[in-house]
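In what follows, a single structure is set out as structure tokens and then discussed.
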Amino acid sequence: MIFPVGDSSPVQTLHHITHSRFLRHDTGSGEHPETPARLEVINLALGGCLDRLHLETIAPKSAPRTSLLRIHSENYLLRFEETALAGHSYLSHPDNQLCYETYEIALLSAGAGLAGITLAEETTGPIFCSVRPPGHHAEVSLALGFCFINNVAVAARYWQEHYNRRRIAIIDFDAHHGNGIQTAFEEDPEVFYISIHEHPTFSFPGTGFAEEFGTGPGWGATLNIPLLPGKGDNEVKEAFLRQITPALDRFQPEALLVAAGFDGHRLDDMSGLAYTTELFGWLGSTIAELAHRHCQGRLVSILEGGYHLETLGASVLQYCQGLTKK
Ligand SMILES: [Zn+2]
């Protein structure tokens, strides 16, 4: 084990799951916020911090169709593939820009989470998936909010079915509510979806009110924590202390997935939230601690939003460094 001079903390390996093809999902004119440059700044930030983190980059394989079909309808997958191959510029709404390669790249994006799960079962150390397109707004048969395949939802089912981890918790700290994840599991008592986001009255997609707890047998396995515009680090920390940690203590997850969105940053104009860069470090260490307490550290984080290119790299780096401090 290597110890840096003047610091007692050991160097840890960060398993960074990403692929150069993610840069080829072309969202058009340069006006679209979900741009390849997002991954470029993340790669630069993670690659530039080798004193505390040894970066091991792993290329994923495409998610198999059987895994996609656990969340999405066959008709939708066909429509998505045909729309991309036909050369159309968007699917369902101009927000969801695509290019000829987008379908294949989206399958690779979903595959990153599955590669992360295999690693989480076989090794120790933090795992971060830098992917695009993102996923948490994608519904069973609908592309929404830059999302086509619901990467985190596909991963949750994969974890259950391939490793028999029945009780999966998902923490979504993207500034927007992950409507697609909530819909996928709202009747399922074994997948606990927790989202902290800007209040739906003020924010896309307009779901995620505190009164949404899940339905039928899944009632109580959804926890929404909406924050008013302008709220920041203190409210997030308070929510973890008073709501999220006790809820996870009751649920006792066997594995933990994170929908890691960085658009709550105070400089990111995709939300009115006011998170600092440092908050993401705190989130990383707090979530890693929860994963060690409940599920022997089985934790996979998958990128969602984050559009302010000057702070995104530093925010992801802080989060990944936080993951190493349990
Ligand atoms: Zn977002």
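For the chain, the membrane-span-like helix rule (DSSP H, alpha carbon extent of at least 20 Å along the helix axis, mean Kyte-Doolittle at least -1.0) picks out 102-122, 277-295, 309-323; this says nothing about an actual membrane.
Between A86 and E74, full extension at 0.36 nm per residue minus the direct alpha carbon distance yields a gain of 2.5 nm.
Under 5 Å between amide hydrogens, built in the peptide plane, is the criterion, and for D172 it picks out I194, S195, I196, A259 among residues at least 5 positions away or on other chains.
Ellipticity at 222 nm from helices only: DSSP H runs of n ≥ 4 in the chain, each -39500 (n - 2.57), divided by the residue count, give -11000 deg cm²/dmol.
Dividing the radius of gyration of the alpha carbons in the range 214-268 by their Kirkwood radius gives 1.01 for Rg/Rh. Between amide H atoms placed 1.01 Å from N, distances below 5 Å from C129 occur with I17, S301, I302, L303, all of them 5 or more places distant or on a separate chain.
Once you sort the root eigenvalues of the Cα gyration tensor of the range 75-218 as a ≥ b ≥ c, which label holds: rounded (a/c under 1.5), prolate (a/b larger than b/c) or oblate (the other case)? Mind showing how you got there, number by number?
Numbers: a/c = 1.76, a/b = 1.15, b/c = 1.53.
Because a/c hits 1.5 or more and a/b fails to exceed b/c, the range 75-218 counts as oblate.
For the range 259-326 and the range 111-190, what is the centre-to-centre distance using only Cα atoms, to the nearest Å? What the calculation gives is 16 Å, centre to centre.
The aspartates and glutamates whose alpha-carbon is closer than 16 Å to the alpha-carbon of K325, local same-chain residues fewer than 8 away aside, are D7, D51, E278, E289. Computed over the chain, the quotient of the alpha carbon radius of gyration and 2.2 N^0.38 Å is 0.91. Largest GNM mean-square fluctuation across A110, A247, A255, computed for the chain with C-alpha springs under 10 Å, falls on A247.
Values quoted throughout were computed directly from the atomic coordinates according to the rules given, and no laboratory measurement underlies them. All figures in this text were calculated on a predicted structure; none of them were measured in a lab.
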